[in-house]
Each structure stands twice: as C-alpha cells, then as structure tokens.
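Okay, structure first, notes after.
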Amino acid sequence: MAKSRRPRNAPQEHSSEPAPDVITTTAGLEALVAGFANAAFLAIDTEFMREQTYYSQLCLVQVSDGTTAAAIDPLASGIDMTALWQLFADENIVKVFHAAHQDLEIFYKEMGHLPLPLFDSQVAAMVLGHGDQVGYDRLVRAVLRHDLDKSSRFTDWSRRPLSARQITYALDDVIYLAEMYPKLLAQLEERNRASWLEDENAKLVDPATYHTQPDDAWKRIKVRNMKPAALRRMMHLAAWRETEAQKRDLPRNRVLRDETILDLAGSNPSSPEEFGKIRNFPGGANGKLARPVLEVLRTVDAMPDSTLPDAKSEARTAKPPAAVMELLRVLLKHITDDEGIAPRLVASADELEALALDDDAPIRAQSGWRHEVFGAAALRLKHGQIALAANGKQVRVIEL
C-alpha cells in the first residue's frame with residue numbers, strides 16, 4: 001500500500017512489527033507504478049548495506065511524487081522489480097535525488113542503465129549558495145525549516161522485519177525531497193542558473209562513472225615512489241584483486257589489503273613459502289591465495305620490458321606565489337559570497353594554483369558561466385587591472 005503524505009509533526013511509531021505500507025509483492029509494486037505513470041517527477045532514495053560486499057546490497061527503495069510516498073522491499077520473497085526499473089527508465093519523468101552517486105551506482109547495476117533525466121538537490125544547493133556538499137538534513141532545515149529525525153541512520157537495513165520507525169525515517173527522505181524539488185527548481189529558474197547544473201551533472205550521468213575497470217584499480221592505491229618493475233607488479237595485482245572482489249562480491253580489502261599488494265609488489269616472492277613474510281597476507285604461506293597471486297607475479301615478470309610503466313614519484317611541482325594565491329582566494333570568496341554559490345563549484349584549491357601559475361590553465365573557471373563569474377576577474381587581478389580593498393567588513397573590487 002502506498003503511503004499518503006504524513007503531517008510533519010505526526011508522532012513516530014516505535015513498534016518492531018513490519019510497517020504496513022512497505023510494498024512486498026509484485027502486484028503491489030505494479031499497482032504503485034501505475035499510479036506514478038503520469039508523474040512529472042519522482043523523488044527517489046535507497047537504503048543499502050555494503051560493509052561485507054563489493055556491490056551494494058539494495059535493501060529498500062523509497063519513491064514519492066509529492067503526493068504519495070511508498071517504500072518497496074527488494075528483499076521480499078518473490079518480488080519482481082521489473083516494473084519499477086521500467087518506471088525509472090521513463091525519460092518523461094525527472095528523477096530527483098540528493099547526493100545521487102551511490103544511488104545511481106546501485107541502479108546502474110540493477111537496471112543496466114541510469115534513471116534519467118535526473119536532478120540532484122545537493123548539486124542544486126551548491127549552485128544556490130548552501131555550501132559544498134551540503135547534507136540532506138541541513139538542506140531540509142534551510143529550505144523547509146524542518147528538523148529531521150536521523151536516529152535510524154545507522155540501522156541494519158538488511159534485517160527483517162523492518163519496524164514502523166525505520167520506514168518512517170526512510171520515507172521522510174523522499175517526502176521532504178519531493179517538497180524541496182519545486183522550490184529549488186523555482187529558485188534556479190528565478191536566478192537563471194538551471195543550466196549551471198549541466199557541468200556538475202555530466203559525471204553523474206556518465207555510465208563510465210559506475211563501472212570500475214580492473215586495469216584502472218591500481219589508481220586507488222596511494223603510492224609515493226615506486227620503480228617501474230614494482231609498479232607493473234602492483235598494477236597487475238590490483239587488477240587481479242578487483243576481478244576477484246567482483247567475482248566473490250567481497251570488499252577489496254577482504255581479498256588483499258592495499259599494504260599487502262604494495263609489499264608483494266616490492267618483495268616479489270618467488271615461492272609459496274615466502275608468502276609467510278608478506279604483511280597481512282591471508283593464511284600466510286599456506287593461504288589459498290598464495291598460488292594464484294604467485295601465478296600473477298610470474299606472468300608479470302615474463303612480460304617484455306616494453307610493458308614497463310614509467311617510475312612513479314612525487315615530482316616537485318612549481319608553487320605559485322603565495323601573495324597571488326591569497327588574492328585569488330579572497331576574490332573567489334568575495335565573488336561567490338556575492339553571487340550566493342559554493343566556492344568549490346567555481347574553482348578548487350588545485351585549480352586556483354593552476355590559474356596562478358598559468359593564464360591558460362585548463363580549468364573549469366576558464367570557460368562558460370564560471371569564466372563570466374570569476375575567471376575573467378581572476379585574470380584581471382593577476383595582471384593588475386583590478387585591485388581588492390577592505391571596506392569595513394566587506395571586500396570590494398577597484399578598477400585600476
């Protein structure tokens with residue numbers, strides 16, 4: 001049964017009995033989907049567990065069209081989620097999320113594609129000046145003047161039955177998200193900033209964001225300095241671990257820890273007996289992973305020298321003049337405060353350094369609306385065409 005909108009101050013239940021408005025059957029899900037078929041938008045959220053698995057275990061899906069809200073239990077026996085995935089594939093319906101990345105990663109795996117078009121309220125909040133990566137509860141407080149009950153945030157969503165309190169908590173996320181969406185959209189349109197979301201959404205809507213290539217897995221491991229031969233071993237060991245973790249649906253570090261991969265890459269054991277000396281190697285010399293890892297190492301050592309990567313080292317990069325950096329930071333803060341947008345949306349610290357060193361640095365502030373808002377002024381400041389002055393507690397820009 002779908003849940004009608006609950007008054008904000010309605011008392012919450014504390015029963016351990018399953019909540020009556022969780023959809024647990026295919027028929028119930030299909031009826032819900034039929035009711036949402038003509039919705040202009042759907043606020044969507046998920047509850048999931050990932051501590052013991054490589055892939056997130058989807059435990060609950062919450063959906064609201066602004067009038068009706070419902071929770072769907074994908075773990076219910078016999079339920080077929082196809083109707084919901086088809087609804088999410090309808091490109092006539094905007095899918096509204098907050099901090100969408102993890103939800104989209106789940107849906108990409110379940111559906112085989114992304115639920116588009118989408119609206120991320122966290123990205124919208126950055127454009128509207130609510131700060132960098134603002135949390136959902138803080139945004140609800142700012143937009144709707146309401147404090148959320150987050151006491152069930154760290155619950156085990158895989159355990160059944162779910163309590164009424166858990167479901168109330170879960171549904172609140174989409175109930176208030178659906179209420180915020182038209183308000184945020186109106187503010188974006190009023191300030192002519194709806195198009196500003198496109199750059200920030202580009203990575204979110206790229207399927208490559210949610211598909212980890214084993215050959216790229218080594219990039220996750222923090223390495224300061226490593227010679228070519230060891231680096232090649234590390235790259236192949238990381239790829240093997242990624243494939244193994246995906247196949248066994250285990251967290252990467254449950255297969256091999258990062259420091260173990262680095263130790264293996266550096267010491268390059270040539271026999272199973274030597275694995276007893278490897279830091280945190282599962283089972284030591286008698287571990288079941290010793291032989292497959294040894295096979296990886298032998299295969300890598302047999303590769304021609306032409307496959308060796310460049311040595312990895314922390315090269316010393318040029319540092320921009322400290323005074324220029326301070327001026328650019330002050331200008332960025334002044335402009336973003338004046339425009340009511342989050343500074344990180346315009347330029348990161350690394351991008352400011354790049355701009356301080358090079359007028360033609362390939363950064364976001366060199367094009368589009370960011371250039372109009374900040375980039376052009378930053379270059380003028382670098383070249384002494386404008387200056388910054390204090391005016392009481394305010395900063396003002398002076399034309400020279």
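Here ALA202 passes the criteria (1) touching a residue at least 12 places away in the same chain (Cβ under 8 Å); (2) under 28 Å from MET111 (Cα atoms); (3) in a helix (DSSP H, G or I) except the one numbered (1).
Could you list, in sequence order, all residues of the stretch 157-174 that are more than 16 Å from ALA100 (Cα to Cα), part of a helix (DSSP H, G or I) and of a type outside the set (Gly, Ala, Ser)? Scanning the stretch 157-174 gives ARG165, GLN166, ILE167, THR168, TYR169, LEU171, ASP172. Do you know which of the residues in the stretch 371-395 that are free of Cβ contacts under 8 Å to residues at least 40 places away in the same chain and charged (D, E, K, R) is nearest to LEU327 (Cα to Cα)? Result: ARG380. Of the listed requirements (1) over 23 Å from the mean Cα position of the chain (by Cα); (2) part of a helix (DSSP H, G or I), ALA142 misses just one: (1).
Every residue, every condition in (1) in a loop (DSSP other than H, G, I, E, B); (2) surrounded by 22 or more Cβ atoms within 10 Å (Cβ to Cβ), yes or no:
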residue	(1), (2)
GLU30	no, no
ASN38	yes, no
LEU42	no, yes
TYR55	yes, no
ALA69	no, yes
TRP85	no, no
ASP90	yes, no
ASP103	no, yes
PHE119	no, yes
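Scan the stretch 292-309 and tell me whether some residue there is basic (Lys, Arg) and surrounded by fewer than 13 Cβ atoms within 10 Å (Cβ to Cβ). Checked the stretch 292-309: at least one residue is basic (Lys, Arg) and surrounded by fewer than 13 Cβ atoms within 10 Å (Cβ to Cβ).
In this structure, ASP258 does not qualify as acidic (Asp, Glu) and in contact (Cβ under 8 Å) with a residue 40 or more places away in the chain. Scanning the stretch 239-285 for residues that are within 17 Å of ARG298 (Cα to Cα), part of a loop (DSSP other than H, G, I, E, B) and in contact with a Pro (Cβ under 9 Å, 6 or more places away or on another chain) returns a single hit, ILE278. Cβ separations smaller than 7 Å between residues 6+ apart or across chains give the following pairs from the stretch 223-236 residues that are part of a helix (DSSP H, G or I) to residues that are of a type in the set (Gly, Ala, Ser): PRO228/ALA311; ALA230/ALA265; ALA230/GLY266; LEU231/ALA311; ARG233/ALA265; MET234/ALA265. Of the numbered criteria (1) more than 29 Å from ASN192 (Cβ to Cβ); (2) free of Cβ contacts under 8 Å to residues at least 40 places away in the same chain, the one MET303 fails is (2). Just one of the listed residues (LEU114, LEU184) is assigned to a helix (DSSP H, G or I), assigned by TED's automatic domain parsing to the domain that holds ILE44 and at pLDDT 95 or above, and it is LEU184. As a summary of the residue check, ALA186 satisfies the conditions (1) closer than 19 Å to LEU60 by Cα; (2) free of Cβ contacts under 8 Å to residues at least 40 places away in the same chain; (3) hydrophobic (A, V, I, L, M, F, W, C) except for the one numbered (1). Of all the listed residues (PRO269, PRO292, PRO343, PRO304), the sole one being under 30 Å from ALA390 (Cβ atoms) and of a type outside the set (Phe, Trp, Tyr) is PRO343.
Candidates VAL205, VAL223: the one that is modelled with pLDDT under 95 and in contact with a strand residue (DSSP E or B) (Cβ under 6 Å, 6 or more places away or on another chain) is VAL223. For the stretch 349-375, filtered to residues that are of a type outside the set (Ser, Thr, Tyr) and farther than 22 Å from LYS319 by Cα, the residue that is surrounded by the fewest Cβ atoms within 10 Å (Cβ to Cβ) is GLU372. If you scan the stretch 309-344, which residues turn out to be touching a Phe, Trp or Tyr at 6+ places or on another chain (Cβ under 8 Å) and not β-branched (Val, Ile, Thr)? Once the filter is applied, which keeps residues that are touching a Phe, Trp or Tyr at 6+ places or on another chain (Cβ under 8 Å) and not β-branched (Val, Ile, Thr), the stretch 309-344 yields LEU331, LEU332.
The values are calculated or read from the model by the stated rules, or taken from the named source; none is laboratory data. A quick note: this is a predicted structure, and the numbers were derived from the prediction, not measured. Positions of Cβ are backbone-derived with ideal geometry, glycine not excepted, and every protein chain shown enters the neighbour counts.
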